[in-house]
Amino acid sequence: ARRATGEAVHAGPVRELEISSAITGASLQKNNSGGLALLADNAAAGLVSVTHNGGTLIVGNDGALGSGTLIVSNNVTIQGDDDSTARTIANAVNLTNAGAATTLTIGNFEGLAPLTFTGSITNTAAQNRTFLLQNSSTVFSGDLDNNGQALTFNTTGSLVTPAGNTTTYSGRLQN
């Protein structure tokens, strides 16, 4: 693993790059199968959007993904930076990739922390989706629009969708 400056920081296989400084006034695109850890409050710094096209995105701050939309394609993982610190992701999430049905993995053996997604999640491609929830708890409190496609939840932790609010779902839900 390497910091943006080239200094080694983590012995595990997940973090090929760790950015602990704020990213200002830009968009970030991650295209490889490795791990990227964003640890600073990039929303306050002015990061506009993040595109996640492969591998693992490690969220080390509630504002790590900036203030704009998180664009996700291919089979990817989003996880917290440790096993216990809960993170809230307020970004809207667009699930893209018109080529094939894909899996969004939340958490894994190195990132079991609870994650809460408060922004809307929209499947912008006409493809079935699988959410593989491997962390201790995942909360979706924003709108979930799967564009009329099948959505499968596989979970080893708990899945929470709040009752009594305006959370809506469009499409077939499988569990």
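The values are calculated or read from the model by the stated rules, or taken from the named source; none is laboratory data. Quick caveat, the model's predicted, so the values are computed rather than measured. All Cβ positions, even for glycine, are placed from backbone atoms using ideal geometry, and neighbour counts span all protein chains on display. Side chains included, ligands, DNA and RNA excluded: accessible areas come from the protein's heavy atoms. Shrake-Rupley method; radii C 1.70, N 1.55, O 1.52, S 1.80 Å.
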For the range 48-61, check the following and say yes or no: at least one residue is open to solvent by 50 Å² or more (accessible area, probe 1.4 Å), within 18 Å of the chain's Cα centre (by Cα), farther than 25 Å from residue 137 by Cβ and at pLDDT below 90. yes
Meets criteria (modelled with pLDDT under 80, within 26 Å of residue 29 (Cβ to Cβ) and loosely packed, with under 15 Cβ neighbours inside 10 Å) for residue 126: yes
Go through the range 24-35 and count every residue that is of a type in the set (A, V, I, L, M, F, W, C) and either assigned to a loop (DSSP other than H, G, I, E, B) or open to solvent by less than 10 Å² (accessible area, probe 1.4 Å) (or both). 1
Counting only residues that are β-branched (Val, Ile, Thr) and closer than 18 Å to residue 56 by Cα, which one in the range 1-31 is modelled with the lowest pLDDT? 9
Residues in the range 110-119: is at least one at pLDDT 80 or above, open to solvent by 10 Å² or more (accessible area, probe 1.4 Å) and at positive phi? no
